[in-house]
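Worksheet: the structure to be examined is printed underneath.
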Amino acid sequence: MGGRAGFFEVEILDWETKKQLCFLDKVEPNATIREIRLMFHKLYPRWYPARQSIKLDPKGKSLRDEEILQHLPVGTTATLYFKDLGPQIGWTTVFLIEYTGPLFIYFLFYFRMTFVYGLDERFTSSPHPVVNLACICHSFHYIKRLIETVFVHRFSRGTMPLRKIVKNCFYYWGFAAWLAYYINHPLYTPPSYGKKQINFAVIMFLLCEAGNFSIHVALSDLRRNGSKTRKIPYPTKNPFTWLFFFVSCPNYTYEVGTWISFTIMTQCVPVGLFTLLCFIQMTIWAKDKHCTYLREFKDYPSHRTPIIPFLL
Amino acid sequence: MAPSEEDGGGNGAVEEKEKGKKRKLGALATAWLIFYNVAMTAGWLVLGIAMVRFYIQKGTHRGLFRSVQKTLKFFQTFALLEVVHCAVVRTSVLVTGVQVSSRIFMVWFIAHSIKQIQNEESVILFLVVWTVTEITRYSFYTFNLLNHLPYFIKWARYNFFIILYPAGVAGELLTIYAALPYVKKTGMFSLRLPNKYNVSFDYYYFLIIVMFSYVPLFPQLYFHMLRQRRRVLHGEVIVEKDD
């Protein structure tokens, strides 16, 4: 029956087998789900809070940490369901691993380590200046990303499943190796339009990197006070943020621009292919984000498109 | 990959979906799908008969591919339409796409392009497998659309694959393996450095990768068909693992 003197009772069942995993009595009515996760973790040490999906319905969505027990549609004896999300890894760690890989893998090819192009070509350097430029740009891009991960980004969710990172690493590291192989190859052919093409690409690259950084800073400022709620991003005094007039996710727009400029700079098909895949992936993410914005905010600017002004 | 296809029914059928609901198609779509499946059944029957006649008359498999290749190419290429059908019939575009692509690949990029392997026994193996599979499959769809499915066709579709599928894979793999020396010698379909696009492609290593990719893909498709079989023939409810 009900709790004693205003306290709640909480039973947690396995979402599949419905077996009772634990029974908590004397739970404060204003306890948060976060506190319940900590209590559950004490009973089951291997299921740390980030791995716990606690829900009201076996097939439903996971409850957020901030939810308060007495505001949930439960009686004084609450039945919650637990699902193990598997080993988790923090977003910061994920990005550090994902971005450090390509940075160092590219160097393996740039410095022509012994095993890459054969013994005759080891440690030689390319006669083409654009190859050095490409290395600088590629490294700059990933160092910038690492700095942003540590100092700029504020993540709304803490963790992701460990399995995903293996898949992601294969993809990012693999592609980095593939495109670095061709750019730094002894038989590399510089761009057809020579200096004009390269200079244009460099300028576009720098503009897009600056733009991407500006957007990340602007988004981070929206969460300056540590809140996890979403707010509508608006253009600021920084001209690079004026893309917010037209687009929901200008950071993705600038990112695609960066990779297009790198393709032009190196004139290399694998880079172009990577750019295409990035574009597809980011369009999917941008459309998702755009729909979330539209759903959450009634006054969201209606003329904005997800990633490309007026088009997509 | 020798496709005795994927999820319950596949192309051109009024589906027996997971919950046993029948899906309704418009009259025009149904008419077209019936025509398509009848035509494909007939086409593969003609191909099968031509193969049998050739073997009876000549007593050998040498030259068999050359004699049937036009019919094979026509009907196998026509099957590209099935990817479009997915929009109507609600089969996975990805699965159908992969199945049809692998067939097109075998016909055009292996058998047609590498003439030296056309008289290999493995070619006859997969041709026979494909013929029996497709006749069963397309007649299954036809009768399904007409709502008059004889049990023996259903039985055939969900039992033949147990032998045919591995046999077809064996035929395809052996054919690709036989083709490797010729690919290496001629360097066909390959792009070498240096070139202004800074990319290279080696068809020989590509084929080796294709052969290795059968290892993870084949068991997945095979066990999927086995699960389908248990569900359709024995009414078992199988809980699919959600990712």
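The values are calculated or read from the model by the stated rules, or taken from the named source; none is laboratory data. Computed from a predicted structure; not experimentally measured. Methodologically, a virtual Cβ is constructed for each residue, glycine included, from the backbone with ideal geometry; neighbour enumeration extends over all protein chains shown. Heavy atoms of the whole protein, side chains included, go into the accessibility calculation; ligands, DNA and RNA do not. Shrake-Rupley method; radii C 1.70, N 1.55, O 1.52, S 1.80 Å.
If a helix is a whole DSSP H run, which ones in chain B reach 15 Å or further along their own axis (Cα) and hold a mean Kyte-Doolittle hydropathy of at least 0.5?
Numbers: long enough: B:27-58 (46 Å, 1.23); B:64-78 (21 Å, 0.10); B:93-104 (16 Å, 1.20); B:121-145 (36 Å, 0.91); B:161-186 (37 Å, 1.02); B:203-234 (44 Å, 0.43).
Going by DSSP H runs, the hits are B:27-58, B:93-104, B:121-145, B:161-186.
Please identify every one of the trypsin sites (Lys or Arg not before Pro) in region B:169-230 that sits in a loop by DSSP and has no more than 12 other beta carbons within 10 Å of its own beta carbon.
On the way: sites: B:Lys184, B:Lys185, B:Arg192, B:Lys196, B:Arg227, B:Arg229, B:Arg230; in loops: B:Arg192, B:Lys196.
Within region B:169-230, the qualifying trypsin sites (Lys or Arg not before Pro) (loop, at most 12 other Cβ atoms within 10 Å) are B:Arg192, B:Lys196.
Please give the total accessible area that chains A and B bury against each other, computed with a 1.4 Å probe and expressed in Å² to the nearest 100. Walk me through the numbers before you get to the answer.
Working: alone 17430 and 13230 Å², together 29790 Å².
Buried surface at the A/B interface: approximately 900 Å².
For region A:179-306, what number of Lys pairs, 8 or more residues apart or on separate chains, have alpha-carbon atoms under 18 Å from each other?
6
Enumerate the calculated ³J(HN,Hα) couplings along region A:32-37 in order (Karplus 6.51 cos²θ - 1.76 cosθ + 1.60, θ = phi - 60°), each rounded to whole Hz, writing x wherever the residue is Gly or Pro.
Each residue of region A:32-37 in turn: 8, 4, 4, 5, 5, 4 Hz.
Assuming a strict under-29 Å limit between Cα atoms, what lysine pair count do you get for region B:26-234 once near-sequence pairs (fewer than 8 apart, same chain) are dropped?
Count of close lysine pairs: 14.
In whole percent, and with a 1.4 Å probe on the protein chains, what portion of the accessible area of region B:119-243 is carbon and sulfur?
Numbers: 4550 of 6810 Å².
Using a 1.4 Å probe with all protein chains present, region B:119-243 comes out at 67 percent carbon and sulfur.
Of all chymotrypsin sites (Phe, Trp or Tyr not before Pro) in region A:77-154, which ones are in loop regions per DSSP and have a Cβ with at most 10 other Cβ atoms within 10 Å? Numbers along the way, then the final one.
Numbers: sites: A:Tyr81, A:Phe82, A:Trp91, A:Phe95, A:Tyr99, A:Phe104, A:Tyr106, A:Phe107, A:Phe109, A:Tyr110, A:Phe111, A:Phe115, A:Tyr117, A:Phe123, A:Phe140, A:Tyr142, A:Phe151; in loops: A:Phe111, A:Phe123.
Loop-located and lightly packed - A:Phe123.
What does the helix-only formula give at 222 nm for chain A: each DSSP H stretch with n ≥ 4 adding -39500 (n - 2.57), the total divided by the residues, and the result rounded to the nearest 500 deg cm²/dmol?
Values: 8 runs with 153 residues, N = 312.
Helix contribution divided over all residues of chain A: -17000 deg cm²/dmol.
Taking springs between alpha-carbon atoms closer than 10 angstrom, which of B:His148, B:His85, B:His224 fluctuates most in the Gaussian network model of chain B?
Highest fluctuation of the listed residues: B:His148.
Measure off 7 Å from each Cα along the Cα-to-Cβ vector at B:His234 and A:Lys287, then give the distance between these two points in nanometres to one decimal.
4.1 nm
Output wanted: per-residue J couplings in Hz (rounded whole) for region A:57-64, from phi through Karplus 6.51 cos²θ - 1.76 cosθ + 1.60, θ = phi - 60°, x for Gly and Pro.
10, x, 9, x, 7, 6, 7, 7
What FRET efficiency would be calculated for the residue pair A:Leu96, B:Ile56, taking the C-beta separation as r and a Förster radius of 51 Å, to the nearest 0.05? Write down the numbers at each step before the final one.
Numbers: r = 69 Å, r/R0 = 1.35.
It comes to 0.15.
If you fit an axis through the alpha-carbon atoms of helix A:91-110 and take the longest principal axis of the Cα set of chain A, what angle between them do you get, 0 to 90°, nearest 10?
Relative to chain A, helix A:91-110 is tipped by roughly 20 degrees.
Between A:Phe245 and B:Trp108, with labels modelled 7 Å along Cα→Cβ, what's the label distance in nm to one decimal, could you check?
Once both label points are built, they end up 4.7 nm from each other.
If you place +1 on the Cβ of every Lys and Arg, -1 on the Cβ of every Asp and Glu, and leave all else neutral, what size is the dipole of region A:37-86 about its Cα centre, to the nearest 20 Debye?
Roughly 200 debye for region A:37-86.
Using a 1.4 Å probe on protein heavy atoms, which residues of region A:167-198 have at least 30 Å² less accessible area in the complex than alone?
Listed by number, the residues meeting the 30 Å² cut-off are A:Tyr182, A:Leu187, A:Thr189.
Which residue fluctuates most in the GNM of chain A (Cα springs below 10 Å): A:Phe240, A:Phe155, A:Phe23?
A:Phe23
Filter the trypsin sites (Lys or Arg not before Pro) in region A:236-312 down to the DSSP loop ones having no more than 12 other Cβ atoms within 10 Å, then list what survives. Working shown, then result.
Working: sites: A:Lys237, A:Lys287, A:Lys289, A:Arg295, A:Lys298, A:Arg304; in loops: A:Lys237, A:Lys298, A:Arg304.
In loop regions of region A:236-312 (DSSP not H, G, I, E or B), the sparsely surrounded trypsin sites (Lys or Arg not before Pro) are A:Lys237, A:Lys298.
Tell me, what is the percent relative contact order of region B:117-237, built from C-alpha pairs under 8 Å that lie six or more residues apart?
Numbers: 81 pairs, mean separation 30.7, N = 121.
The value is 25 percent.
Can you give the FRET efficiency to the nearest 0.05 for A:Phe115 and A:Asn199, using r as the Cβ-Cβ distance and R₀ = 30 Å?
Details: r = 34 Å, r/R0 = 1.15.
Efficiency computed from Cβ-Cβ geometry: 0.30.
If one computes the Cα centroid of region A:129-197 and of region A:33-104, what distance in Å separates the two points?
First find each Cα centre; the distance between them is then 32 Å.
Calculate what fraction, in whole %, of the accessible area of chain A sits on carbon and sulfur atoms when a 1.4 Å probe is rolled over the protein chains.
Details: 10910 of 17020 Å².
The nonpolar share, carbon plus sulfur, comes to 64 percent.
Before rounding to the nearest 500, sum -39500 (n - 2.57) across all DSSP H runs of length at least 4 in chain B and divide by the residue total; then give [θ] at 222 nm in deg cm²/dmol.
Details: 8 runs with 160 residues, N = 243.
The helix-only estimate for chain B comes to -22500 deg cm²/dmol at 222 nm.
How much accessible area per residue does the protein assembly as shown have, in Å², with a 1.4 Å probe? Walk me through the numbers before you get to the answer.
Working: 29790 Å² over 555 residues.
I get 54 Å² per residue for the protein assembly as shown.
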